[in-house]
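The values are calculated or read from the model by the stated rules, or taken from the named source; none is laboratory data. As the structure is a computational prediction, the values presented were derived from the model and not from experiment. Glycine also receives a Cβ, built like all others from the backbone with ideal geometry; neighbour counts cover every protein chain displayed.
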Amino acid sequence: MSVDVLLGLQWGDEGKGKIVDVLTPKYDIIARFQGGPNAGHTIEFEGKKFILHTIPSGIFNKKTQNIVGNGVIIDPYILFQEIKTLEKEGIEALNNLMISQKAHLILPSHRLLDAVQEVNKGKAKIGSTLKGIGPTYTDKISRTGLRMGDINGNDFFKRYNLLKENHLRLAEFYQFNDSELLIDGLSFFNYEEKWLEALEQIRKIKQINSEYYINEQLKAGKTVLAEGAQGTLLDIDFGSYPFVTSSNTVTSGVCSGLGIAPNKINNVFGVFKAYCTRVGSGPFPTELNDSVGVKMRNLGNEFGSTTGRARRCGWLDLNALKYSVMLNGVSELFMMKADVLSSFNELKVCTKYNFENKEVEYLPFDISEEFVSPVYKNLKAWSDQITEVSKVDDLPDELISYKKFIETYLNIPISIISVGPDRSQTLFWK
Ligand code: GDP
Ligand code: IMO
Ligand code: MG
């Protein structure tokens with residue numbers, strides 16, 4: 001069998017977690033392939049709401065195996081908190097969760113470094129989630145990191161201390177106030193104590209060679225869905241660098257993050273919001289710094305799942321979406337949060353950028369407002385509330401036209417429209 005991929009086409013928070021959970025019954029395995037606890041994937045059903053950071057969003061289905069691949073980075077403390085939260089709600093996460101031995105570990109000192117480096121950037125800060133993502137991937141690439149499988153070795157704590165001491169020495173080069181260094185409200189040493197306790201707990205999770213495991217399962221006819229984190233416009237290579245995350249968030253990340261050959265990839269599901277949001281710094285051509293943007297934020301409840309920060313909001317950027325579709329080889333589109341657009345008088349979508357006195361349909365090297373401005377097309381809005389709609393035939397005509405406009409522009413079908421955060425508020429076209 002082959003692997004399907006589901007990933008975000010914008011700046012993250014498109015609603016990936018919700019849709020993975022909806023599609024889970026169709027798959028034997030759900031696997032995360034990159035990123036770490038900078039992700040916050042929200043799943044709502046039966047009046048309950050869960051936010052997952054490390055654990056794949058297939059965990060609510062007892063029949064599904066969930067795998068954290070080698071491309072993911074793991075903070076044992078955050079992972080253990082997630083497991084405890086799920087267990088409190090009666091979900092035995094440990095029964096169907098496996099982790100690659102090759103997944104790298106986020107140490108408390110990686111989080112410390114993330115904090116001091118971000119403070120040091122001053123106004124140029126990235127707006128990182130401060131989960132230690134940049135420093136951990138830096139160690140991976142520098143070949144100095146520690147991996148999940150290392151925790152089984154007799155010399156683990158020796159290696160841990162060596163790496164920690166290096167990080168602490170490096171941190172001393174930066175200037176900061178101690179108050180800027182709290183990790184989840186705790187001092188470094190208090191956090192480290194909890195991290196070390198959690199490390200003992202996560203030894204219970206089955207460790208595997210995920211590349212062998214997944215390929216064997218595929219040979220045996222099992223189906224796999226790879227769950228992306230962040231979004232294409234935050235990709236380390238193709239995003240608005242340096243305001244990006246530190247991993248490849250695009251489809252190619254599935255190959256290196258799970259050990260799957262490119263010819264094993266079948267469908268690529270591209271998830272996007274009916275508008276755009278971004279959290280943290282960096283260019284955002286269609287951003288609305290006015291009351292319309294504030295209305296979108298309030299109606300869409302656009303506050304970060306991981307950090308609680310207010311998300312910046314703006315109109316749908318089709319020029320950027322076309323770029324994402326190209327990079328990922330998207331075969332089907334899923335449009336999320338269509339309900340949020342129900343109360344606007346007029347809708348705009350960006351189809352081109354003004355760049356160097358021309359209208360262009362590509363993303364130039366720098367998409368800051370200094371260089372590009374959006375060219376909009378006005379589309380008709382709908383006023384009907386659609387959160388209760390359960391059949392596509394009952395959707396307003398203007399929303400169907402909005403959908404068709406996007407499909408024609410991108411030449412890809414939209415096969416799901418989401419009209420609310422709950423699992424049940426999902427409309428399918430086939
Ligand atoms: P992810 O990181 O891509 O999984 O997305 P997040 O969970 O960070 O953010 C998406 C937010 O939108 C969450 O609060 C979801 O519960 C919510 N959500 C998802 N789909 C819809 C939808 O169709 N309508 C509305 N109103 N909310 C949605
Ligand atoms: P999910 O999977 C939205 C953003 C941060 C910051 C930049 C770098 O929930 O869609 P990092 O912590 O990686 O150093 O932050 O990337 N960012 C996200 N924004 N959703 C996410 O994940 C994100 N993960 C990172 O806000 O701007
Ligand atoms: Mg999120």
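Would a scan of the stretch 18-34 turn up a residue that is within 20 Å of Leu327 (Cβ to Cβ) and over 15 Å from the mean Cα position of the chain (by Cα)? Checked against the condition, which is being within 20 Å of Leu327 (Cβ to Cβ) and over 15 Å from the mean Cα position of the chain (by Cα), the stretch 18-34 yields no hits at all. Summed over the stretch 345-395, the residues that are in a strand (DSSP E or B) and among the acidic types (Asp, Glu) give a count of 2. A residue that is in contact with a Lys or Arg (Cβ under 8 Å, 6 or more places away or on another chain) and at pLDDT below 95 can be found somewhere in the stretch 327-343. Of all residues in the stretch 94-128, those satisfying the criterion of being touching an Asp or Glu at 6+ places or on another chain (Cβ under 9 Å), of a type outside the set (Gly, Ala, Ser), surrounded by 22 or more Cβ atoms within 10 Å (Cβ to Cβ) and farther than 17 Å from Ser187 by Cα are His104, Leu105. Which count do you get for residues in the stretch 140-167 that are under 26 Å from the mean Cα position of the chain (by Cα), farther than 20 Å from Phe188 by Cα and aliphatic (A, V, I, L, M)? The qualifying residues number 2.
What are the pairs with Cβ atoms under 6 angstrom where one residue, in the stretch 300-321, is closer than 16 Å to Phe50 by Cβ and the other, located anywhere, is assigned to a strand (DSSP E or B) and within 14 Å of ligand 1 (Cβ to nearest atom)? Sequence gap at least six, or different chains. That search, which allows pairs on different chains as well, returns Ser305/Thr42; Ser305/Ile51. Restricting the stretch 235-252 to residues that are assigned to a loop (DSSP other than H, G, I, E, B) and among the hydroxyl-bearing types (Ser, Thr, Tyr), the residue that is nearest to ligand 2 (Cβ to nearest atom) is Thr245.
Quick check, is Gly300 under 15 Å from the mean Cα position of the chain (by Cα), at pLDDT 95 or above and under 30 Å from Trp429 (Cβ atoms)? Considered against the rule, which asks whether it is under 15 Å from the mean Cα position of the chain (by Cα), at pLDDT 95 or above and under 30 Å from Trp429 (Cβ atoms), Gly300 comes out as no.
The sole residue among Gly40, Gly8, Gly12, Gly58 that is modelled with pLDDT of 95 or more and away from ligand 3 (no atom under 14 Å from the Cβ) is Gly58.
Inspect the stretch 261-271 for any residue being modelled with pLDDT of 95 or more, within 12 Å of ligand 2 (Cβ to nearest atom) and surrounded by 16 or more Cβ atoms within 10 Å (Cβ to Cβ) and give the result as yes or no. Yes, the stretch 261-271 contains at least one residue that is modelled with pLDDT of 95 or more, within 12 Å of ligand 2 (Cβ to nearest atom) and surrounded by 16 or more Cβ atoms within 10 Å (Cβ to Cβ).
Just one residue in the set Val292, Val268 is away from ligand 3 (no atom under 16 Å from the Cβ), touching a Ser or Thr at 6+ places or on another chain (Cβ under 8 Å) and β-branched (Val, Ile, Thr); that residue is Val268. Can you confirm whether Ile55 is among the hydrophobic types (A, V, I, L, M, F, W, C) and either away from ligand 2 (no atom under 14 Å from the Cβ) or closer than 25 Å to Lys264 by Cα (or both)? So Ile55 fits the description; yes.
Report, by residue number, each residue of the stretch 180-234 that is of a type in the set (Gly, Ala, Ser), closer than 30 Å to Gln10 by Cβ and in contact with a helix residue (DSSP H, G or I) (Cβ under 7 Å, 6 or more places away or on another chain). Passing the criteria: Ser210, Ala226, Gly228. From the list Ile91, Ile83, Ile78, the one residue that fits, being within 15 Å of ligand 2 (Cβ to nearest atom), surrounded by fewer than 24 Cβ atoms within 10 Å (Cβ to Cβ) and farther than 21 Å from Cys255 by Cα, is Ile78. Where strands (runs of 3 or more DSSP E) sit wholly within the stretch 7-65, those with at least 1 residues that are within 9 Å of ligand 1 (Cβ to nearest atom) and in contact with a Ser or Thr (Cβ under 6 Å, 6 or more places away or on another chain) occupy 41-45, 48-52. I'd like to know if the stretch 206-229 contains one or more residues that are part of a loop (DSSP other than H, G, I, E, B) and under 20 Å from Cys276 (Cα atoms). Yes, the conditions are met somewhere in the stretch 206-229.
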